[in-house]
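Note sheet for the following structure.
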Amino acid sequence: LAQAIYLAQAVLCRTHPALAGFHVRSFSVRCTRASGLMSQMQWSKPVIADLRRERRGATFDLWELTTAIYGGKEKLEEVERQTRIVMSEPRFQTDDLWWMNRQERYVRACERGELFVKIVRDYKIPFEERGPLELLLGEDLFVLLHDIMFAPTLINLADDEQQSWWLPKALNYEILGTYAQTELTHGSNVRGIKTTATYDPSLFSDGGWHIHTPSLEAVKWWPGGLAKSCNCCILMARVMIHGKDYGPHPFFFQVRDWETHASLPGIELRDIGQKMGYNGMDNGAMRISNVNIPRRNMLMRYVSVDRDGAYKKIGDDKMLFGTMTYTRLKISSMSGLNLAKAVTTATRYSAVRRQFQMQRVVLGSDIEKAEDDLVADSMQATTPQEQLNNLVKPSKRSEAQVLDYSSQQFILFPQMALAYAMHFAAQEVQKRYDVAIQEFRASKFDALTEMHVGSSTLKAVSTVLMAEGMEQCRKSLGGHGFMNAAGIGPQYLSALPQATYEGDFVVLSIQVGQQLINAVSSKMLKQKTSNPKTPMLQYIYEFDPMAARKPPSMEDLEKLLGEPAFMIDCMKKRANFLHYSAAQTFQEEVAKTGGKPGPATLDSVKIDFMRMTYAHAYVLYAEFFLDRINQIEKEAPKVAAVLKLLFELYCLTVMDQSYDRGGGLGEFIAAGALPPGAYGVLGKRTKALLKEIRPHAIPLVDGWNIPDFLLNSCLGRYDGRVYESLYEQTKYEPLNDTDIADGYYKHLQYVLHPERRLPGATVQTAPAAAPSKL
């Protein structure tokens, strides 16, 4: 019967244009999952009426939207292929994470890592195409550090001979590596790390390095996978040659025996302990005591040290930290999807969940009661609450979908728009990085600043907005949102570290802010009108700070709000106002020092840098979002029409209350981009947009094509059967394995029956195997 229902739904998908392609594939896979895994949660059941109705209302081809999200048919086909492979393997299902302890979770992470590698090998998936498979793992584990930091460092920083030694093994997972940079007292300040690599020409036959952790403060701390999983790493250590300190450099460093996996002599490895989330990852601590490695273990594509200890730069030494740029881009690329998962869960649940009856206010012609009856009721009302009840009457309809409430839309739809904006921005910067990295390998470094600023901006802002947006979505679920089975909570805690590692917002905002001020200085002091090396900063050069800041009239504003060019122009004016104001403040502080600025001078504008970084990110999101819509419009105009609504909502949200961080209406008024009375106009247009987006809400989240096993949420499941799913998941809670819990036998019985503590008293003991009541 179940199979017949699935087939019937598949037929519906094929015959309804809005559902073409997308759901057919999803259902065919879900049938396999549901029928092949009876001991875990079953995700595929007939879709409830509310969600069927929501999906039938789609005005565009859902598969066209999915194609746009993933960057084209070819890329989507690869995503789909890898998704089908993963969904055919029951052990990738992650609902058991809801109740696992730490040790069990790590063993499961190792199992998923083994399955991941098996798929890569069996299907011969190239390294550059493993991104979808990494996301489908469901949580972060050691293999991600290997793919995102270890292998790319070898690709970008090892010379050709070194790559021949290590890279083939790394790409086939014959060695497992991570990236050991952060220390107990130095994370953000990379140049301050204390682990030393002292050159000794007498070591080995060709010279070598003496690696040492000089103090407790220098213990490597946080590298993912270092505690138990990886047998080697990229070690960042200070290069010391003949007493001269050359700063941190990357080394290939073995930490465990290739055969036995035992930690090597002189290397102490520990897990740093449980964290708020992210507990599938074995984050490690490493203390190194006088370990020697060969000279050529230092990665030498951009620097070299010869047999005699002569140090030589090759190209731009900033490339020594190039792995950070790549990693920040990878993190940014996950931010949009992580937020989209939370928005999908919250939107679907809000369409399923019904609370209260829609109320109507009894005013004017809406009064249905006879005037005499109304007067009589008013005379009988003795309290203000009773009088209010006579004005506000429940409708005759049943309880309303929570998604129909404008307040819920106001929480969720801006986050939906932001997920798209961050996702498209990350894709565009990734494209530019792919071009730039080829130039870097050819010793052309013109795009280095552009890539650093772009990746740092997106990493700093996207991860913060992602985390805050996910939490907004979780709270929108009501009480059930606090459960692990709701999905968002565990995903939020696993994604939360992304806002910190590889550069937190404050540190990255300083780096971004300095480059933004440099652009302002180039224009104002050197009269430059552009910088071909930083095209993403071109809007700074086009701004005239001397021009009068004249906002549009209120009448014109209502007409202009629907114009994409106007909204982007507003964002640029606001951003430039902050950039140029900060530059002026910095110039004034420099003048106070007599032209000799120090750390305190920079500190005077760090708050400004934070505001500037948000404003710059919002400009990039808007520009890349609109560019993508214009591209989509050529092949899928109906999809583009709906995405334009989200684009406008994104812009209005930034202009109005902003996304919890990064200014808001006050900055736009101060910049002269909007008139002081804009508040009401923005609010009115926002409410209208929420109503326009509402019929498309479910198709817009379905378009991400996130499988149920990856969403891992009883509340966000595709079929909408949230309440039976919540009840079903209690069967797998270990506390429900027995009717009477161990806590009763060990302690609770003595609370209820204190006499059982007396000598000779009969004590109730647990049976050999108490049957579950479920």
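The values are calculated or read from the model by the stated rules, or taken from the named source; none is laboratory data. All figures in this text were calculated on a predicted structure; none of them were measured in a lab. Reconstructed Cβ throughout: ideal geometry from the backbone, glycine too, with neighbour counts over all protein chains shown. Only protein heavy atoms, including side chains, enter the accessible area calculation; ligands, DNA and RNA are left aside. Shrake-Rupley method; radii C 1.70, N 1.55, O 1.52, S 1.80 Å.
Scan segment 731-742 for residues that are assigned to a helix (DSSP H, G or I), open to solvent by less than 90 Å² (accessible area, probe 1.4 Å) and either over 29 Å from L339 (Cβ atoms) or of a type outside the set (S, T, Y) (or both) and jot them down. Talk me through it step by step, then tell me what you get.
Of all residues in segment 731-742, those assigned to a helix (DSSP H, G or I) come to 731-732, 734-736, 742.
With the extra rule that they be open to solvent by less than 90 Å² (accessible area, probe 1.4 Å), the set shrinks to 732, 734, 736.
Correct list: P734, N736.
For first residues located in segment 82-93 and farther than 19 Å from R105 by Cβ and of a type in the set (A, V, I, L, M), partners that are open to solvent by 40 Å² or more (accessible area, probe 1.4 Å) and assigned to a helix (DSSP H, G or I) and lie 6+ apart or on another chain with Cβ distances below 7 Å form the pairs I85/Y123. Tell me yes or no: at least one residue of segment 93-101 is under 29 Å from A425 (Cβ atoms) and in contact with a Gly (Cβ under 6 Å, 6 or more places away or on another chain). Within segment 93-101, one or more residues are under 29 Å from A425 (Cβ atoms) and in contact with a Gly (Cβ under 6 Å, 6 or more places away or on another chain). Taking segment 262-277 as the search range and keeping residues that are in a loop (DSSP other than H, G, I, E, B), out of contact with any helix residue (DSSP H, G or I) (no Cβ under 7 Å at 6 or more places or on another chain) and open to solvent by less than 70 Å² (accessible area, probe 1.4 Å), which one is nearest to W98 (Cα to Cα)? Among those residues, the one meeting the criterion is K275. Once segment 128-181 is narrowed to residues that are hydroxyl-bearing (S, T, Y) and touching a Ser or Thr at 6+ places or on another chain (Cβ under 9 Å), the residue that is nearest to D504 (Cα to Cα) is Y179.
Out of curiosity, is L226 farther than 18 Å from L144 by Cβ, touching a strand residue (DSSP E or B) at 6+ places or on another chain (Cβ under 6 Å) and touching a residue at least 40 places away in the same chain (Cβ under 8 Å)? For L226, the condition - farther than 18 Å from L144 by Cβ, touching a strand residue (DSSP E or B) at 6+ places or on another chain (Cβ under 6 Å) and touching a residue at least 40 places away in the same chain (Cβ under 8 Å) - is not met. Out of the residues in segment 599-626 that are exposed (fewer than 13 other Cβ atoms within 10 Å of the Cβ) and of a type outside the set (A, V, I, L, M), state the one that is nearest to S332 (Cα to Cα). Here the answer is D603.
Residues that are assigned to a loop (DSSP other than H, G, I, E, B) and at pLDDT below 90 do not occur anywhere in segment 61-78.
Of all the residues in segment 158-182, those that are among the polar types (S, T, N, Q), modelled with pLDDT of 95 or more and open to solvent by 30 Å² or more (accessible area, probe 1.4 Å) number 3. Flag set for L412, criterion: among the hydrophobic types (A, V, I, L, M, F, W, C) and at pLDDT 95 or above. The requirement of being in contact with a strand residue (DSSP E or B) (Cβ under 9 Å, 6 or more places away or on another chain) and either open to solvent by 10 Å² or more (accessible area, probe 1.4 Å) or assigned to a helix (DSSP H, G or I) (or both) is fulfilled nowhere in segment 516-529; no residue meets it. Name every residue in segment 579-598 that is on the phi < 0 side of the Ramachandran plot and open to solvent by 40 Å² or more (accessible area, probe 1.4 Å), in order of residue number. Passing the criteria: S581, Q584, T585, F586, Q587, E588, E589, A591, K592, T593, K596, P597. Looking across segment 294-324 at every residue that is within 29 Å of G454 (Cα to Cα) and in contact with a His (Cβ under 7 Å, 6 or more places away or on another chain), the one that is surrounded by the most Cβ atoms within 10 Å (Cβ to Cβ) is identified as M298. Exactly one condition in (1) open to solvent by 10 Å² or more (accessible area, probe 1.4 Å); (2) touching a residue at least 24 places away in the same chain (Cβ under 8 Å); (3) not acidic (D, E) is not met by P637; state its number. Unmet for P637, out of (1) open to solvent by 10 Å² or more (accessible area, probe 1.4 Å); (2) touching a residue at least 24 places away in the same chain (Cβ under 8 Å); (3) not acidic (D, E): (2).
Condition (residue is part of a loop (DSSP other than H, G, I, E, B) and closer than 30 Å to S494 by Cβ) applied to segment 285-295: is it met by at least one residue? No, that holds for no residue. Number of residues in segment 287-313 that are of a type in the set (A, V, I, L, M), touching a residue at least 24 places away in the same chain (Cβ under 8 Å) and either in contact with an Asp or Glu (Cβ under 7 Å, 6 or more places away or on another chain) or more than 29 Å from L269 (Cβ to Cβ) (or both): the value is 2.
Inspection of segment 569-578 identifies at least one residue that is under 26 Å from V506 (Cβ atoms), open to solvent by 10 Å² or more (accessible area, probe 1.4 Å) and in contact with a helix residue (DSSP H, G or I) (Cβ under 6 Å, 6 or more places away or on another chain). Restricting attention to segment 547-590, report how many residues are part of a helix (DSSP H, G or I) and touching a residue at least 60 places away in the same chain (Cβ under 8 Å). Count: 19.
Considering (1) over 30 Å from W704 (Cβ atoms); (2) open to solvent by less than 40 Å² (accessible area, probe 1.4 Å); (3) out of contact with any Asp or Glu (no Cβ under 8 Å at 6 or more places or on another chain), the lone condition that T195 does not fulfil carries the number (3). Of the numbered criteria (1) modelled with pLDDT under 95; (2) open to solvent by 50 Å² or more (accessible area, probe 1.4 Å); (3) farther than 27 Å from G479 by Cβ; (4) under 31 Å from the mean Cα position of the chain (by Cα), the one Y727 fails is (3).
Residues of segment 530-550 that are loosely packed, with under 10 Cβ neighbours inside 10 Å and not aliphatic (A, V, I, L, M): P532, D544, K550. Screening K533 against (1) over 26 Å from P675 (Cβ atoms); (2) more than 29 Å from the chain's Cα centre (by Cα) leaves a single unmet condition, (2). Using the structure shown, decide if L700 is at pLDDT 95 or above, open to solvent by less than 10 Å² (accessible area, probe 1.4 Å) and closer than 17 Å to K550 by Cβ. So L700 does not fit the description; no.
Within segment 743-755, the set of residues being surrounded by 13 or more Cβ atoms within 10 Å (Cβ to Cβ) and either in contact with a Cys (Cβ under 6 Å, 6 or more places away or on another chain) or assigned to a helix (DSSP H, G or I) (or both) comprises Y744, Y745, L748, Q749, Y750.
For the condition open to solvent by 60 Å² or more (accessible area, probe 1.4 Å) and assigned to a loop (DSSP other than H, G, I, E, B), P695 does not qualify. Could you grab the pairs with beta carbons closer than 6 Å, sequence gap of 6+ or different chains, first residue in segment 169-185 and within 17 Å of S215 (Cβ to Cβ), second one open to solvent by 40 Å² or more (accessible area, probe 1.4 Å) and assigned to a helix (DSSP H, G or I)? Matching pairs, first to second residue: L184/E217; T185/E217.
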